[in-house]
Amino acid sequence: MKDTTKLANMRDAVMLAINELGDQDERVVMLDADLASCLGSTSFQEKHPDRFFNCGIAEANMIGVAAGLSSMGLKPFTHTFGIFASRRVFDQLFLSVGYAHQVVHMIGTDPGVTAQYNGGTHMPFEDIALLRQVPGVTIIEPSDAQSMYELVKQAYALDKSSYTRAPRKGIAHRYPAGTKIELGKGIELATGSDVAIIATGSVMVGEGEKAVEILKEKGINATLVDLHTIRPLDTELLEKVAKRCGSVLVCENGRYAGGVGEMIATHLIQTVPVKMDFLNVGERFGEVGNLAYLQKAFGFTAENIVAKAEKLAK
Amino acid sequence: MEINELKRKALQIREMTIREIGHFGSGHIGGSMSIVEMLTYLYYQEMRIDPKDPKKEGRDRFVCSKGHAGPAVYATLASKGYFPVEWLKTLNAGGTNLPSHCDMTKTPGVDFTGGSLGQGFSAAIGIALGQKVKKEDSRTFVVIGDGESQEGQIWEGAETAAQWKLGNLIAFTDLNKLQLDGPTADIVSMENIDTRWLGFGWHVQRINGHDLAAIARAVEAAKEVTDRPSMIIMDTQKAHGFIPGENTTKNHSMAFDETVAEEAIKELLEREGE
């Protein structure tokens, strides 16, 4: 178990895990699509030049090549920005990976508003919905360095295809090394009984933590779940917190259609129907700006979470 | 195997393919029949494979990226003993192991899934790359269609295979000059296809795709080239050998019953002097 507290960026946690896997298992190969320096997969290239392939700006071919490598018994990781890793290559990842039963570990960077200055053209809000259409793919969105490192490795160990939603820049250190982090098991960061806030990813979990404190001052005890694994969904935990709180707010850095909120609502309506609300981008397209601006523009703020949670808690 | 013996095998595979599609009542006869000589040569002469152990480590691999030619691939695999010839009667039937488009999860001997055009080609490049990573001395063979070559993914693959100097990759283009809606030249032309591949840095040959001796010579020449991937462009006739489909542009998929199939086989055998 490695300590990730000295890492400066989320991408470093991703590459720490992949490089470790590459050192341990010579079947691990890494493909990038001219964004190697953006993720730092150049570190894999330096360690294992014979197992790293830069596919150039041709993402569809990269996913097909990865599927072919998988059929040879190799263990490919691929990286490109989340928009290209999902929208651009959807048919390839559906057929050559999913339908053909191949195992490819796909890293999609800059989820949602974390794409910041690359703007609306580069802002993946739909990647979760698209990946959910491909049966069997594990989907994770860890909220901090340690969970990123742990979960990338755990997703690899499942030997099923996986998609990791990973911010490149910025970092959160939420979980110290040694924290029990288990793929498919959400983490309860606060245990209240007035309202349950389910958050995915660094932006929403971070804002959720702030919101819990503000709500506490207002006399509202909220539950906060870091739902780092989107598939498989931790239905047991979701049912438990829904029963306890009687209302659920789902916060995701993405689109409602096909996203985490819809996924949870579909489950709870059949098991523990409760009042629900959702924080996401709804029908809007992305736009350019820094993270603070974008969070405000889309309402991805602690204040907005508090406002929604207060209504649900009443 | 002597060329004449290979010719007889190719004729048998043609018969099996016609019967297979006739039994179901319709299918992609055109693009199946145009690659029969290539399949015969690869499976009976060239590839290091073991039908009793379809997933044998270190084997040569073949990807039918023009996945709709499944019926010809299945006839070839059945003829080689990968599965009973009887299976050919199950083409497209519910629960079959022989779906219209090649599916590696269903059919013993199919090395990769094809069906969404362009995708098998990238997978073949990944397989050839994997053979190099694993330091195998094996080769990857892949066939694409001329219509399929309209897909952008083909050219994404072309540039990377050249960049990675995949000398163990030998590709074929089935230049049958017809696609579903009609002549390729009238839709999106594949004119100058030789120079396109040359421009991408491939070793390029152009042959008569129905001439087994020419296929043999081209494959041998391609094997000598180790610093580049090879493209063997085969001039072929769509539906070649299914005589009712030979002189029409509407032969991508045809409906015909077993009676028509048997008449067509008889006509073919007469023409071939058998």
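We did not get these values from a lab; they are worked out from the coordinates using the rules stated. Not measured: the values here are computed from a predicted model. FYI the Cβ positions are ideal-geometry reconstructions off the backbone, even for glycines, and counts take in every protein chain you see.
Observations on the model:
- Taking every DSSP bridge with both residues inside the protein assembly as shown, close to 15 percent are antiparallel.
- Going from the residue with the fewest nearby Cβ atoms within 10 Å to the one with the most, A:TYR163, A:TYR256 rank A:TYR256, A:TYR163.
- A Gaussian network model of chain A, with springs between Cα atoms under 10 Å, assigns the largest mean-square fluctuation among A:HIS122, A:HIS228, A:HIS48 to A:HIS48.
- The mean sequence separation of alpha-carbon pairs under 8 Å and at least six residues apart, normalised by the residue count of chain B, gives a relative contact order of 23 percent.
- Burial ordering of B:TRP197, B:TRP87, B:TRP202, fewest other beta-carbon atoms within 10 Å first: B:TRP87, B:TRP202, B:TRP197
- Each of A:ILE264, B:ILE125 was scored by other Cβ atoms within 10 Å of its Cβ. Arranged with the fewest first, they read A:ILE264, B:ILE125.
- Amide H contacts of B:PHE172 (H built 1.01 Å from N, under 5 Å, at least 5 apart or other chain): B:VAL142, B:VAL143, B:ILE144, B:ILE232
- Rounded to whole Hz, the Karplus (6.51, -1.76, 1.60) HN-Hα couplings of the range B:259-270, x for glycine and proline: 5, 4, 4, 5, 4, 5, 5, 4, 4, 5, 4, 4
- Within the range B:161-274, percent of DSSP bridges classed antiparallel, to nearest 5: 15
- For the range A:75-82, backbone phi angles converted through the Karplus equation (6.51, -1.76, 1.60; θ = phi - 60°) give residue-by-residue couplings of 10, x, 9, 10, 9, 7, 4, x Hz, Gly and Pro being listed as x.
- Contact order for the range A:187-313, expressed relative to its length and based on alpha carbon pairs under 8 Å spaced 6+ residues apart, stands at 31 percent.
- Nearest-ten-degree value, helix A:59-71 long axis tilted from longest Cα axis of chain A: 70
- The share of C-alpha pairs in the range A:10-166 whose separation exceeds 24 Å stands at 22 percent.
- The range B:31-88-the range B:218-241 distance, computed between alpha-carbon centres (Å): 17
- Global form of chain B, assessed from the alpha-carbon gyration tensor, a/c cut-off 1.5: prolate
- Taking every DSSP helix (H) stretch of at least 4 residues in chain A, weighting each as -39,500 (n - 2.57) and dividing the sum by the residue count yields a mean residue ellipticity at 222 nm of -11000 deg cm²/dmol.
- Anisotropy class of the range A:187-313 from Cα gyration tensor, a/c 1.5 cut: oblate
- Calculated from backbone phi, Karplus (6.51, -1.76, 1.60) coupling profile of the range B:180-189 in Hz, x at Gly/Pro: 3, 7, x, x, 4, 4, 8, 9, 9, 5
- Within the range B:82-135, the trypsin sites (Lys or Arg not before Pro) that combine a DSSP coil assignment with at most 10 other C-beta atoms in a 10 angstrom radius are B:LYS135.
- R0 of 56 Å, Cβ-Cβ distance A:SER37-B:LYS89: FRET efficiency to nearest 0.05: 0.50
- Residue with peak Gaussian network fluctuation, chain B [Cα springs, cutoff 10 Å], from B:VAL188, B:VAL142, B:VAL85: B:VAL188
- Label-to-label distance for A:LYS311 and A:ALA8 is 4.2 nm, based on points extended 7 Å past Cα in the beta-carbon direction.
- Helical contribution to [θ] at 222 nm, DSSP H n ≥ 4, -39,500 (n - 2.57), averaged over chain B, rounded to 500: -12000 deg cm²/dmol
- Its residue count N fixes a reference of 2.2 N^0.38 Å for the protein assembly as shown, and the Cα radius of gyration divided by that reference is 1.10.
- Take each residue in A:53-62, count the other chain C-beta atoms within 10 Å of its C-beta, and the mean is 6.
- Peptide B:132-143 is shielded by partner chain Cβ atoms: per residue, an average of 2 of them sit within 10 Å of its Cβ.
- Cα-only radius of gyration and Dmax that characterise chain A, units Å: 18.7, 60
- A Förster radius of 56 Å, combined with the Cβ-Cβ distance separating B:ALA216 from A:LYS47, puts the computed FRET efficiency at roughly 0.80.
- Near-label residues of the range B:117-136 by backbone N, under 15 Å of a point 7 Å along Cα→Cβ of B:LYS165: B:129, B:132-133
- Calculated FRET value between A:GLU188 and A:GLU20, using beta carbons and R₀ = 41 Å, to 0.05: 0.90
- By average C-beta atoms within 10 angstrom, highest first, the peptides B:220-228, A:92-100: A:92-100, B:220-228
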